[in-house]
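Worksheet for the structure shown next.
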Amino acid sequence: MLVLYNPEILLHETVELLGSRLIPALESPARIQSILDALRSSENEIRIISSIETNEITTRMIDASHNAEYVEHLRTVHQQWHSAGNISIEESVLPECFPFSMPNADKSDFPGNAPKDMFARSGYYAFDMSTGIMKDTYKSVIASAGTACFAMQLISAMPAKAVVFALCRPPGHHCDTRRAGGYCYMNNAVLAVEAYLDQPSYRPLEQRLKDLKVAILDIDFHHGNGTQSYFYNRAVNYISIHGKDEYPYYSGAESEHGSGTGKDYNHNFPLESGATKERYLSTLDSALNKVNWTDLEVLVVSIGFDTYKHDPLGSFDLDSTAYLAISGKIAALTNSHSVKCLCILEGGYVIEDLGKNFVSFCNGWK
Ligand code: SP5
Ligand code: ZN
């Protein structure tokens with residue numbers, strides 16, 4: 001497996017409100033160190049990349065998909081709060097108040113305008129308290145986004161059945177195009193798909209959207225609400241297996257099948273807590289069965305290791321060997337259909353075992 005890694009993804013280190021406690025965010029740089037350590041004593045290849053080489057495509061893909069004012073907020077808000085004396089240079093911006101609907105208010109007005117108050121504004125661009133913004137958050141967000149875009153650019157030029165792992169951090173599948181949430185600031189899977197569309201060999205945008213030869217399989221423990229919403233009315237498969245009734249709580253139901261052009265392209269597989277390896281693997285078979293394999297060129301896999309049995313944010317019962325079986329099943333199908341696979345890192349919070357689980361997943365392609 002070829003793993004793409006930009007060292008700037010290590011810079012972001014913030015806090016979160018978990019339960020009633022403000023703690024160092026579980027989504028930490030140590031996660032990546034654990035993965036790198038395990039990779040270095042494995043046979044997988046780490047290719048170090050820089051934001052300079054990914055900058056051009058990344059800027060274009062962010063402009064194409066994310067809200068410009070939201071991106072500007074991510075870029076400048078820490079400096080603004082610091083200059084105003086709200087926080088020290090080492091502290092993080094956290095939201096204070098989220099947008100809400102007035103009784104009987106016209107829901108189409110949502111989300112209204114960005115508040116003038118500096119504290120309030122950070123709530124306008126987030127939907128929970130687990131996306132603090134520290135001084136280097138933006139650098140890591142851009143590096144993470146860049147890794148996803150560059151990986152797609154690279155794999156597009158590779159032969160059928162190629163596999164690339166984009167070592168992204170912060171993750172992306174929870175945020176939409178104007179709000180951070182669930183440790184996510186920019187949606188890396190969305191950006192990768194945009195980068196696929198950007199390939200010059202393809203036809204104009206309207207046509208390209210009609211015959212997108214890319215599908216997304218999301219196997220983080222949590223439902224990828226942001227990715228689902230981006231593709232909900234587009235003819236792109238978004239297929240997710242995730243904890244039932246778990247974070248992010250308001251999306252991920254089995255009844256969500258897409259709308260308009262996207263009708264029947266969206267498939268959710270909520271699983272009860274305690275799901276065993278056997279249960280998970282048979283659900284994965286059903287999920288893979290929903291992929292429109294005909295003419296598919298790239299399968300994007302949003303992979304989270306928070307499905308691991310010891311994960312503090314998960315409730316499944318998978319051990320380390322499960323990841324080898326999971327990627328083995330995916331690889332069997334991508335290989336038999338001559339499809340390329342772009343893996344993007346999402347969650348996974350057991351530092352001690354994350355590297356081992358990651359390498360187990362990589363080994364499924366051998
Ligand atoms: C990318 C990713 O995995 N984001 C997940 C963020 C989840 N944050 C809120 C979790 C709230 C969990 N409540 C306790 C559940 C214990 N099983
Ligand atoms: Zn997760």
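The values are calculated or read from the model by the stated rules, or taken from the named source; none is laboratory data. Quick caveat, the model's predicted, so the values are computed rather than measured. Reconstructed Cβ throughout: ideal geometry from the backbone, glycine too, with neighbour counts over all protein chains shown.
Yes or no: the range 14-28 includes at least one residue that is under 21 Å from Leu313 (Cβ atoms), of a type outside the set (D, E, K, R) and touching an Asp or Glu at 6+ places or on another chain (Cβ under 6 Å). Within the range 14-28, one or more residues are under 21 Å from Leu313 (Cβ atoms), of a type outside the set (D, E, K, R) and touching an Asp or Glu at 6+ places or on another chain (Cβ under 6 Å). Within the range 4-21, is even one residue surrounded by 14 or more Cβ atoms within 10 Å (Cβ to Cβ), hydrophobic (A, V, I, L, M, F, W, C) and out of contact with any Ser or Thr (no Cβ under 8 Å at 6 or more places or on another chain)? The answer is no; no qualifying residue exists.
Restricting the first member to the range 234-252 and to residues that are touching a residue at least 12 places away in the same chain (Cβ under 8 Å) and under 14 Å from Thr283 (Cβ atoms), and the second to residues that are of a type in the set (Lys, Arg) and away from ligand 1 (no atom under 13 Å from the Cβ), the beta-carbon pairs closer than 7 Å and six or more apart or on different chains are Ile239/Lys290.
Could you give me the residue pairs with C-beta distances under 6 Å whose first residue belongs to the range 332-361 and is in contact (Cβ under 8 Å) with a residue 60 or more places away in the chain and of a type in the set (Gly, Ala, Ser), whose second residue is surrounded by fewer than 24 Cβ atoms within 10 Å (Cβ to Cβ) and part of a helix (DSSP H, G or I) wherever it lies, and which are 6+ apart or on separate chains? Final answer for the pair search is Gly355/Ser34; Gly355/Asp37; Gly355/Ala38. Exactly one residue out of Asp311, Asp285 is of a type in the set (D, E, K, R) and within 16 Å of ligand 2 (Cβ to nearest atom), and it is Asp311. Filtering the range 168-183 to residues that are over 11 Å from the mean Cα position of the chain (by Cα) and not small (Gly, Ala, Ser) leaves Thr177, Arg178, Arg179.
Just one of (1) of a type in the set (S, T, N, Q); (2) over 27 Å from Asn357 (Cβ atoms); (3) modelled with pLDDT of 95 or more fails for Asn104. It is (3).
Could you go through the range 336-351 and let me know if any residue there is part of a loop (DSSP other than H, G, I, E, B) and acidic (Asp, Glu). Yes. Of everything in the range 236-253 that is surrounded by fewer than 18 Cβ atoms within 10 Å (Cβ to Cβ) and of a type in the set (Ser, Thr, Tyr), the residue that is nearest to ligand 2 (Cβ to nearest atom) is Tyr249. Annotation for the range 339-351: no member residue is more than 25 Å from Val190 (Cβ to Cβ) and more than 21 Å from the chain's Cα centre (by Cα). Within the range 332-366, the residues that satisfy the criterion of being more than 19 Å from Thr307 (Cα to Cα) and either within 15 Å of ligand 2 (Cβ to nearest atom) or crowded, with 16+ Cβ neighbours inside 10 Å (or both) are Leu333, Thr334, His337, Val339, Lys340, Cys341, Leu342, Trp365.
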